[in-house]
Amino acid sequence: MGQTIVHIGPNNGDGQRCKMINQLVVAINCLATTEAMRFGRAMGLDMDKVLAAISRGAAGSWSLSNLGPRYLAGDFAPGFRLRHLLKDLNYCAELIAQLPDASPSDFPAVHLARELVRHAESAGHGDENIHAVGRSLERSGRTNA
């Protein structure tokens, strides 16, 4: 459990909705990290050097520092399972549907992340860690990384 506790709002479920915002950022950071690792490999770069160069700058994130090396090493042992992230992204889509005057096109990153995570889960990676989303793209033939 986190060290910081913040009361989000007076309405029942405000904390849960905040958690979905967190999960969306986690998903997008994970997708960016795995795609960057695949892109660097496809260009033939020394990815250890790439990680050293970018992890302390503006691109730095928990995802890059923790999932980047695991992705490159082929370590997909579960920490936060991909199927749980899909559940959260499905809930984000449900919350969007409840917003007045909102459409899915108003939040394209939610739907792109959900589609890519759903693809990875259907490819058999649901019980692997969330960064297995990149692995599913490699295996689908979408890259030659």
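What follows is calculated from the coordinates using simple rules that are stated; it is not laboratory data. Worth saying up front: this structure is predicted, and the values here are computed from it rather than measured. Cβ: placed from backbone, ideal geometry, glycine included. Neighbour counts: every protein chain shown.
Along the stretch 18-34 the Karplus relation, 6.51 cos²θ - 1.76 cosθ + 1.60 evaluated at θ = phi - 60°, assigns HN-Hα couplings of 5, 4, 5, 5, 4, 5, 5, 5, 4, 4, 5, 5, 5, 4, 5, 5, 5 Hz to successive residues, with x for each Gly and Pro. Here's the picture: charge each Lys and Arg Cβ at +1 and each Asp and Glu Cβ at -1 in the chain, and of Leu99, Gly74, Gly124 the one pushed furthest to the positive end of that dipole is Gly74.
Across the stretch 15-139, Cα-Cα distances exceeding 18 Å account for 52% of all pairs. Between the Cα long axis of helix 62-73 and the first principal axis of the chain there is an angle of about 40°, rounded to the nearest 10.
Where in the stretch 1-69 are there trypsin sites (Lys or Arg not before Pro) that are in a DSSP coil and have at most 12 other Cβ atoms within 10 angstrom of their Cβ? Walk me through the numbers before you get to the answer.
Working: sites: Arg17, Lys19, Arg38, Arg41, Lys49, Arg56; in loops: Arg56.
Listed in order of number, the matching sites are Arg56.
Between the Cα long axis of helix 82-98 and the first principal axis of the chain there is an angle of about 40°, rounded to the nearest 10.
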